[in-house]
Structure formats: structure tokens, C-alpha cells
1. With labels modelled as points extended 7 Å from the Cα through the Cβ direction, what inter-label distance (nm, one decimal) is found for A:ILE253 paired with A:SER7?
2. Over segment A:115-235, what number does the Rg to Rh ratio reach, with both radii from the alpha-carbon atoms and Rh per Kirkwood?
3. Looking only at A:VAL42, A:VAL147, A:VAL117, which one moves most when chain A is put into a Gaussian network model with springs between Cα atoms under 10 Å?
4. What's the percent breakdown of Cα-Cα distances in segment A:158-206 across 10 Å bins, shortest bin first?
5. Can you work out ³J(HN,Hα) from phi for every residue in segment A:179-186, in order, using Karplus 6.51 cos²θ - 1.76 cosθ + 1.60 and θ = phi - 60°, giving whole Hz and x for Gly and Pro?
6. Take chain A, connect every pair of alpha-carbon atoms lying under 10 Å apart with a spring to form a Gaussian network, then pick out the residue of A:GLY127, A:GLY99, A:GLY82 with the largest mean-square fluctuation.
7. Within 10 Å of each Cβ in peptide A:14-23, how many partner chain Cβ atoms are there on average? Round it to a whole number, please.
8. With angles folded into 0 to 90 degrees, how steeply does helix A:133-160 sit against the dominant principal axis of chain A? Use alpha carbons for both and round to 10.
Amino acid sequence: MSTMRLSFWHTARRVFAVVLSLFMLLPVVVILIASLTNDNAVKFPPESFGVRWYVEVFKNESFREGIVFSLEVAFFVAVASGIIGVLAALALARGRFPGRDAIVTILMMPIALPHVVLAIALLQIVGFLALPSSPYALVAGHLLVTVPYVLRLTMASVVGIDANIERASRSLGASALQTGRYVTLPMIAPGLVAGIVFAFLLSFDESTIALFTSLPGLTTLPAAIFGYATQGSSPLITTASGLMIVFAAVLMIAVEYFFGVLRLMANETR
Amino acid sequence: MSSIGASDSMSVPRPRNFLRDNLPLVMTVPALLVAAFFFTIPMAALFVNSFSVVNGLDVKWTLSNYTDIIGDSYYWEIMGRTLWIAVMATVVTMVLGFCAALYLYFSESKWRRVFLFLLVSPLFISVIVRTYGWIIILGPSGLLNWVIPGDARISLLKTDTGIIIALVHIYLPYMVLSLNASLIKMDRRLIHAATSLGARSWRIFKDVILPASLPGAIAGAIIVFSMSMTAFSTPVLIGGAVRKTMAYLVYQQNLLLGNWQFGSALAFVLLGVTVAIVTVLSRIGKRAEATR
């Protein structure tokens with residue numbers, strides 16, 4: 001009886017894990033399969049297979065512009081949040097100065113707020129200053145979301161290094177700048193690179209702020225996909241989504257290489 | 001930085017230099033500028049704006065934006081639907097997330113890491129893409145109709161159920177990560193002790209695992225609930241114009257109708273209700289931990 005119950009739970013656990021894995025994979029797999037079709041409308045399963053729409057998507061002006069603009073914005077946001085984040089992280093992880101905890105709280109706060117609210121707040125300000133919303137409000141909004149992540153990852157790396165190594169470097173005659181460049185930076189590099197790649201991906205994937213701030217010709221790929229998807233499904237959106245999945249997969253491999261995806265997300269050390 | 005200070009004190013005293021002496025503070029300046037100009041000031045301006053009514057060049061300070069929202073049953077109905085969707089998404093995510101986190105905690109299978117990877121990797125893919133995947137699945141010529149036999153064309157698009165399914169899929173990784181973070185802190189010997197003292201599985205779950213995972217469960221519920229309350233693209237794309245949620249109204253008032261003052265007030269109503277419920281949740285969590 002008890003072995004029967006045990007094996008029942010054992011099987012139930014496995015079935016659950018498999019079913020939940022399939023559920024998590026489902027939308028991604030469905031998009032990838034549905035995108036490889038020559039059909040004129042989105043059907044699942046597709047009636048024919050081919051790469052016709054992957055050619056069409058690059059001929060479509062709004063998607064082509066969207067890809068380029070998304071990459072530009074994400075690149076700028078990643079570099080800027082990397083610089084801003086690493087400076088703040090070094091100071092905040094080491095320094096003991098008045099207001100330190102308050103500064104950390106203020107810097108982390110934007111990720112707790114809905115993108116809808118951040119977006120309209122930024123739109124009203126750039127409207128007041130008579131600036132175009134894209135790319136100014138867009139980049140500002142993305143920096144708000146990405147700086148906290150870079151800060152958190154880099155701070156964790158800074159806390160993890162032994163300050164005696166830097167002291168040794170200084171006592172052997174290296175300047176503060178040399179110590180920072182040749183001792184500190186290499187030690188925090190994995191956390192910083194993971195933070196920058198993550199910032200790139202957050203900006204590249206973000207859709208709400210991107211949609212609210214979009215202007216003709218200055219619309220990111222996710223915002224362009226949203227615009228088309230409000231009219232229903234179409235093979236063009238499917239392939240554009242497929243491209244975003246491929247892109248995310250490439251960056252995921254980069255994170256895995258530099259830092260370990262599961263270590264980054266779930267503190268997995270095994 | 002301490003390392004710089006230590007070696008500086010050994011050398012000949014140098015003249016005062018504000019930048020050098022306050023280096024840590026100076027290094028946070030770029031981040032603080034971002035927080036001030038892109039966050040604090042815009043949010044304050046949004047809040048102030050929500051108390052104004054603009055008529056041409058005439059600006060009037062009033063509470064009428066808020067009283068108009070509270071006095072109109074239309075907004076109550078949409079807030080009700082938003083709450084219902086967010087609560088359902090949170091509950092379903094919690095149940096699935098708990099089972100997944102327990103599996104991750106106890107499994108010694110070589111597939112464990114694969115399972116964890118499949119659970120968290122969707123976070124790398126844009127919400128808009130995952131939502132679009134659900135549109136293909138739930139739509140009239142999608143996977144659902146292929147799997148379910150019969151000629152009747154069913155579609156979960158433009159239904160609350162469809163929105164909830166997509167939100168559960170999108171926010172489940174956060175719940176799993178949050179519960180997982182709590183569970184890995186639990187001492188495995190507690191379970192061995194309880195087992196050797198003869199406790200049944202149910203009692204171990206109730207008296208050992210549940211209390212240990214409570215902080216993660218509350219944190220996960222807070223994340224999933226607040227994100228579901230304020231989610232924009234998923235409810236709009238799946239629910240369409242017939243199943244509007246609060247986030248869509250904020251968008252509509254601000255961007256489609258250009259009614260910025262009223263739209264600001266709507267945003268703060270949504271934010272206020274969300275924060276109120278999140279505060280209650282975290283109080284419950286703190287109290288449960290204190291009485292343990």
C-alpha cells in the first residue's frame with residue numbers, strides 16, 4: 001500500500017513537471033513553428049512550411065526600422081546604465097556616508113512602479129519641455145528600469161571581493177586609477193557584464209514605455225509588434241516575434257557564458 | 001573608498017579637494033540625476049497635475065478628477081474586472097509556483113536544472129512576444145481548436161480567462177524564483193527531524209515547509225499581483241476593447257483622448273488601490289511570521 005502511494009506521488013510529480021514545462025514552452029514553440037510557413041494567414045498547425053515571411057519581414061519598412069531603432073536604443077541604454085550603475089555600485093557597496101540607504105532606496109524604487117505610470121509621467125515632462133517623446137522619454141524610461149538591475153548585480157560583485165587585494169595593489173605603488181583599472185574592474189567584470197547584457201535585453205524587450213513614447217519612424221520592434229497585433233494575428237507579426245525569440249536566445253547564451261543564467265536568476269550554485 | 005583613504009593617509013597631506021574627499025558621493029551623482037530628473041520630478045508633476053483641470057489657458061485646482069472617477073460606476077466596473085483578473089492570476093500562479101518550487105526543492109533528478117531553466121528562461125523573451133504566442137494558441141484558428149475535437153470554433157480571446165492564462169504564464173517565473181529563494185534557506189535537517197519524529201507528510205508540509213516558504217510566497221504574491229493589476233499590453237491584446245482594464249483606461253485618457261489631468265488621476269487611483277492591497281499583503285506576511 002505505502003509503496004503504491006509513494007510511486008503514485010512519484011509519477012504525479014513527474015507528470016506535473018513535464019506538463020508545466022510544456023506550458024512554459026508552449027507560446028515560444030508555437031510562434032517558432034507558426035513563423036515557418038508560406039500560408040497567407042496564421043493557422044496552427046500551419047498548412048505549408050517555408051521561410052517566405054522571414055524575407056517579407058525585412059521588406060516591411062516599419063519592422064525593419066523597428067529592428068534598427070530597438071538595437072540603437074538598447075545599445076545606448078545598456079552602455080549608459082553600465083557606466084551609471086558601476087559608478088554608483090562601487091560607491092554604495094563600499095562607502096559609509098550619510099544618506100547611503102536612502103540613495104539605494106530611491107535608485108531601486110522605479111522598478112517597483114508600473115511602466116504605464118512611469119511612461120505617462122515622462123510623457124508629460126517631455127511634453128512640458130517641448131521635447132519629442134521618442135527617443136528622449138523612451139531612453140529615460142528604460143534607464144529607470146535598467147539602472148537598478150545593473151546596480152544590484154554589480155553591488156553584489158563588489159561586496160564579494162576582498163578589499164585587501166586592492167590595498168595590496170595600492171601599497172605596491174599602483175595609483176587609485178591603476179588599481180581600479182587593473183584590479184577592481186576585472187574582479188567585478190562578470191557581474192557588470194551580466195548587468196549590461198541584462199540591461200540591453202530589458203530595453204530591447206520592453207513594450208509599454210516603448211509604445212507610449214513611440215513616434216512615426218521612431219518605434220521599437222516590440223511597439224511595432226503591438227501596433228500590428230491590435231489588428232489581430234498576421235504572419236508578419238509571427239516572424240517578427242520569431243526574430244525576437246532568436247535574439248533573446250543569443251543573448252541568453254551570452255549571459256550563460258559570462259555569468260550563468262541560473263546563477264543570475266535563481267542563485268543556483270550547483 | 002577605504003583602500004584609497006588608507007594609503008592617502010601615509011603620504012604628505014595634500015590640499016583639500018572636494019571631488020576626491022567626497023568620491024563615493026560624487027560617483028552616485030549620475031544615478032541620482034537619473035532618479036531625480038526621470039523619476040522623482042516627473043512623478044511629482046504627475047501627482048500635482050492630477051488635481052488640476054485645464055480649460056484652454058485656464059488652470060483650475062480641484063479634486064474633481066478624483067470625485068468624477070469615484071462617482072462613476074463605469075470606473076468601478078473596470079476596477080472590479082482589473083482586481084478580479086489580478087487576484088485570479090495571483091492565486092493560480094501561487095498554486096502552480098508552489099508545486100514547482102517544491103519539486104525543485106526535493107527533486108534529485110538530473111532533469112531538475114532543465115526544469116528550472118524552462119521555468120525562468122521565458123523572462124528573457126519580450127512580454128509582447130509571449131502574449132502574441134497566446135493569441136495564436138487561444139484564437140479561433142489556433143492550437144486550442146486543433147487539440148479540441150469538434151467543429152465548434154472556440155476562442156478564449158476577448159475573455160477574462162484568456163487574459164488570466166497569459167498573465168499566469170508571464171508572471172509564473174517571478175513566483176517560482178521568489179518561493180525558491182525562501183525554500184533554499186530552509187534547513188533540510190528540519191524535515192529529517194520531523195520525519196524521524198514520526199510526522200506525516202501533511203504535517204511536515206503544514207508545520208515546516210509552509211512557514212519557511214511564507215516570506216517567499218508573500219513576496220511572490222506582491223510581485224505578481226501588482227504586475228497583473230498594472231499590466232498593459234497583455235490585457236489589451238488578448239482582452240481587446242471589450243474586456244478593458246484600468247491600465248488601458250490610463251492609456252486611453254492620456255494618449256488617445258489627450259486628457260492628461262484626468263488620465264493622471266486615473267493612474268494614481270490604480271496605483272493607490274494596488275499599493276493599498278500590497279500593504280495589506282505584506283502586513284499579513286509580517287504578522288504571520290511574528291506569531292510563528
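1. 4.3 nm
2. Radius of gyration over Kirkwood radius for segment A:115-235 works out to 1.19.
3. Highest fluctuation among the options: A:VAL117.
4. For segment A:158-206, the pair-distance distribution reads 25, 39, 21, 12, 3.
5. Using θ = phi - 60°, the values come out as 4, x, 6, 9, 10, 5, 4, x Hz.
6. A:GLY99
7. Counting other chains' Cβ atoms within 10 Å and averaging over A:14-23 gives 5.
8. 60 degrees
Every read-out reported here was derived from the displayed coordinates using simple, explicitly stated rules and does not represent laboratory data. Please read these numbers as outputs of a predicted model, since none were measured by experiment. So basically every Cβ, Gly included, is an ideal-geometry build from the backbone, and we count neighbours across all protein chains shown.
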